[in-house]
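Report on one structure; see the data block that follows.
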Amino acid sequence: GASLPGSFFSKPSLTSASRWARAVSTALKPSAPCTSRTVGGRPWRRRFWGLMALSLVASASEVLSIGSLLPFLIVLTDPQALMGWPVVGQWLQSFTLSSTKPTEFIMVFLGLVFGTMVLIASLVRWWLSAACSRYAYQVGGAIGQDIFKRVLLQPYSFHLTKTSSEIIDVTANR
């Protein structure tokens, strides 16, 4: 039989789809100012600028790793070439051991410098990737919690006329 209008057991009207979609989208609009718990608050901005700083560090480490490749390649092709440079040649001569040939020491030293720079650049790049992923998941989680809270705080009549699948469809697809 027939049920009373507005009762708990009444079937929701599917013809009012635009009305409930408007109600849900109104509920999802940011009406309150951003707090520390919502995306856009001070902690979120601080994390964002921390990611930007880490991105600059990653860029600098990449440049240094690429920059350390050139002296290493020069030494591999002509071991005496760097010894002719005024500052670099004197600096490398002061580090050579008396028991080794200067060219062998320079090749090993610059190979270690290049390998260390590549390792550091890779670690910073990995750290940046992990931090960006963590930030993105945290932002998505905070937005999801905010949407869930706003939907739950709708009036009782809103929940009587909507099914959970309709609410999920509107929040996930629109």
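Using a 1.4 Å probe and ignoring any ligands, DNA or RNA, find the accessible area of Ser164 and quote it in Å² to the nearest 10.
It works out to around 90 Å².
Assuming R0 = 45 Å, what is the FRET efficiency of Arg125 and Val88, from their Cβ-Cβ distance, to the nearest 0.05?
Details: r = 28 Å, r/R0 = 0.62.
Result of the calculation: an efficiency of 0.95.
For the pair Ile168 and Asp78, how long in nm is the line joining their label points, each one 7 Å along Cα→Cβ?
That separation, rounded to one decimal, is 7.0 nm.
I'd like the Kirkwood hydrodynamic radius of segment 75-167, using the inverse of the mean 1/r over distinct C-alpha pairs, in Å.
On the way: mean 1/r = 0.0526 Å⁻¹.
Averaging 1/r across every pair of different Cα atoms and inverting gives 19.0 Å.
The values are calculated or read from the model by the stated rules, or taken from the named source; none is laboratory data. Predicted, not measured: the structure shown is a model, and the values here were computed from it. Backbone-built Cβ (ideal geometry, glycine too); neighbour counts: all protein chains shown. In case anyone asks, the SASA skips ligands and DNA or RNA and just uses the protein heavy atoms, side chains included. Shrake-Rupley method; radii C 1.70, N 1.55, O 1.52, S 1.80 Å.
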